[in-house]
1. Assuming R0 = 56 Å, can you tell me the calculated FRET efficiency for the pair residue A:545 and residue A:203, based on Cβ-Cβ distance, to the nearest 0.05?
2. What does the charge count around residue A:394 come to, taking other residues whose C-beta lies under 15 Å from its C-beta (Lys +1, Arg +1, Asp -1, Glu -1)?
3. Using a basic spin-label model with each label point 7 Å from the Cα along Cα→Cβ, how many nm lie between residue A:108 and residue B:113?
4. So what's the net charge close to residue A:177: Lys and Arg +1, Asp and Glu -1, counting the other residues with Cβ under 14 Å from its Cβ?
5. Considering only lysines 8 or more places apart in sequence, or on different chains, count the pairs in the range A:4-171 whose C-alpha atoms sit under 16 Å apart.
6. When only Cα pairs under 8 Å and 6 or more residues apart are kept, what is the percent relative contact order across chain A?
7. Given charges of +1 on the Cβ of Lys and Arg and -1 on the Cβ of Asp and Glu, with all other atoms neutral, how large is the dipole of the protein assembly as shown about its Cα centre, in debye to the nearest 20?
8. How about the range A:411-510: which GluC sites (Glu not before Pro) there are in a DSSP loop, with at most 11 other Cβ atoms within 10 Å of their Cβ?
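FYI, it's all coordinate maths here, none of it is from the lab. Only a predicted model underlies this, so the values are computations on that prediction, with no experimental measurement involved. Methodologically, a virtual Cβ is constructed for each residue, glycine included, from the backbone with ideal geometry; neighbour enumeration extends over all protein chains shown.
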Amino acid sequence: MSQITGSEAVIKSLVAEGVHTIFGYPGGAIMPIYDALYDYSDKVTHILVRHEQGAIHAAQGFARTSETCGVCFATSGPGATNLITGLADAMIDSTPVVCITGQVASHLLGTDAFQETDVIGISMPVTKWNVQVKRAQDIPAALAKAFFIARSGRPGPVLVDITKDAQFGMMDFNYEACKDIRSYFPNPVMDPTKIDDAAVLLNTAKKPYILIGQGITLANAEQELLEFVEKSGIPVASTLLGLGAFPPNHPQYVGYLGMHGNYAPNILTNEADVILAVGMRFDDRVTGDVSRYAKQAKIIHIDIDFAELNKIVTNEVSIHADAKEALALLTTKVERRTHESWIQEFRDAEKLEVEAVIEDAIHPKHDRLQMAEVVNMLSEKTDGQAIVVTDVGQHQMITSRYYQYKAQNTNITSGGLGTMGFALPAAIGAKLGNPSKTVVAIIGDGGFQMTIQELGTILQFKIDIKILILNNNFLGMVRQWQELFFEKRYSFTDIVNPNFTQIAKGYDIEALKIDQRTELSEALDTMLSSQAAYLLEVVVEQEENVFPMVATGASVSEIRLN
Amino acid sequence: MENNTYNISVFTENSVGMLNRITIIFTRRNINIESITASESEIEGIHRYTIVVNEPKETVRKVISQIEKQIDVVKAFYHSDDEVVYQEIALYKLPTKALASGGDAERIVRAHHARILTIESEFTILEKTGYPDEIKELFTELKPFGLLEFVRSGRVAISKPMKTLEEHLEDMNNEKIIL
Ligand SMILES: Cc1ncc(C[n+]2csc(CCOP(=O)(O)OP(=O)(O)O)c2C)c(N)n1
Ligand SMILES: [Mg+2]
């Protein structure tokens, strides 16, 4: 067999892994790889983003909606450092992404050469694994390992840094997918006696309660969860990233957990006697003050990541396992029961929230449009089936509260890191992974301007996403905290915005701005039925607050309705 | 929660950057590393780190699971002082003149079971292995002789339980599911 360059080996390895979409941005140190890519345009599509942060968020959106790995390319130095925010985001939200960065030639490493940064060092805390490759012949094995690590166990981002001489070097290509690494144990062997212990607790519980997280989605365990829930009769609540993993209209679904979640699931956390947590990690946004969190409950925790067990709360039973496998076995061990009066407690508490918050939010008496009524109407018009990508802030919390995610892999948001600027590029990635689905990016006026340059990517690649800007002319979430906890001292949260619709038009994107309730329904219809990218700016109430709220340092049982 | 001395042993692949990946986990939690040493282990290609920290047991347990989560870490253990045998080594550099002048030097060297590594006309180097307080004691006694230089290694420790790393690995591999 004739030899090929390391660069061509990169592309051939990606093809061997089934990659057909790459998000990237070229530069000096990765030019040989881009040159090799030129000959493979029939097999792989390269999306030229406008900033490397856009590349990685797009790769994340792609990965999270298509259950595959996202891939991005960046050059050395500034190209690589621009990936860092996205790596941190993918790390904390367990998203499989493979980043390939170019690096200066190996003889220049460590010499402060032009565009040299220690990307391995910088990315170490925010990658599941990273490696530098300095010889062409090591490229396929490094990439095979990268894909295996990114996808397996608890998924995460990996970075492969390839020196320029390795890209130019010649090698014999032979690709073997990686199936095992001796020091890595991604598939835990479940201890069935733990499942028995869990079943005993659940079968004798008076007020058992299930908390689900993204682990359900990542394990593809939606069906197993549904069967378990229906047999056991136990009420279910979800974290932010768990939304979409369980039907929101199911009679046993009791709502969304956490700081701006629903009233009932938060307040009744401190009433449950047994809690079964599956694929969630007791983030502080979910627990509030952890010293006053579910102290009365015996906790059963199922997670694929051993380090999550007993990390925040102390478990009665820890089950180190894949959620799909664990739930399937647990279903066979639990008794068929109902918990009507316990679920009724949730419904009673829910009434308080409907009266105090929800009714007013979706059928407001205020003059100005409220974020919640916009999201609620969008949810109805799309029947909860759209892929909804949100940015970070009030609009994000409102969306997670009022959009009914009825389909799997449709709730895409930056949960753990809370990265403003995530939504626009992530929506681009989501659309490319799901060309036939409606993708709506709900973004605040502040966050939109953090990655606004990606409108150029939409223009160039004709990406049909719907951009819904909820414009309150404020860095709203921070303003809310200033109002509630800093005596309304609005320190640098009022933001002067550009003319968004005109900007969209500059990118050939059709756009409309509305500020009246009477215009809302038609505007949403126009947006949803347009055959190309569309930007709808909805001017909403400036000083709307998101409630309920568990304030920092408060217990979940101190959740405020106003 | 009460702080205690824990001896953490980490066995890893011999890959570049491993030390960094491990220490990041301590830095993130603002844990001070009292001492750290690295060397080969009894298994070819596997490196071993001995890390000493003074922390509550709960914290150490959590750190261990986060260390084990690193792809290239094979296994990590933690042991309290009474579960390990440990040693440190120290070197002391003294002016030869000072040592030769009085009769006390010989007594000190003998009493502390120190070894003389080299005697040059200008300086002499002594070596002492033992517990940190023994090393410190010798240091105090040698100080009046005009100690020129002093260096102490980090701790090396071996646990008392008999199960070998190889056996641990075997158990883990028997349980390994390869899809
Ligand atoms: C990159 C980044 N910088 C700062 C923040 C802090 N932050 C969280 S929400 C928020 C306000 C967001 O404003 P906007 O995008 O207009 O959304 P709104 O809350 O008004 O809906 C800010 C500044 C963040 N999450 N991410
Ligand atoms: Mg805003």
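1. Values: r = 42 Å, r/R0 = 0.76.
After rounding to 0.05, the efficiency reads 0.85.
2. Details: positive: A:285, A:368, A:401, A:479; negative: A:373, A:391, A:445, A:483, A:494, A:541, A:543, A:544.
Around residue A:394, the charge tally is -4.
3. In this crude spin-label approximation the distance works out to 5.7 nm.
4. Working: positive: A:12, A:145, A:151, A:179; negative: A:17, A:176, A:180.
Result for the local shell: +1.
5. On the way: A:12/A:43; A:12/A:145; A:128/A:145; A:134/A:145; A:134/A:164.
Close lysine pairs found across the range A:4-171: 5.
6. Values: 1283 pairs, mean separation 79.9, N = 562.
Result for chain A is 14 percent.
7. Working: 67 positive and 96 negative charges, 53 e Å.
Around 260 debye, computed over the protein assembly as shown.
8. Working: sites: A:454, A:483, A:487, A:510; in loops: A:487.
Passing both the DSSP loop test and the Cβ count: A:487.
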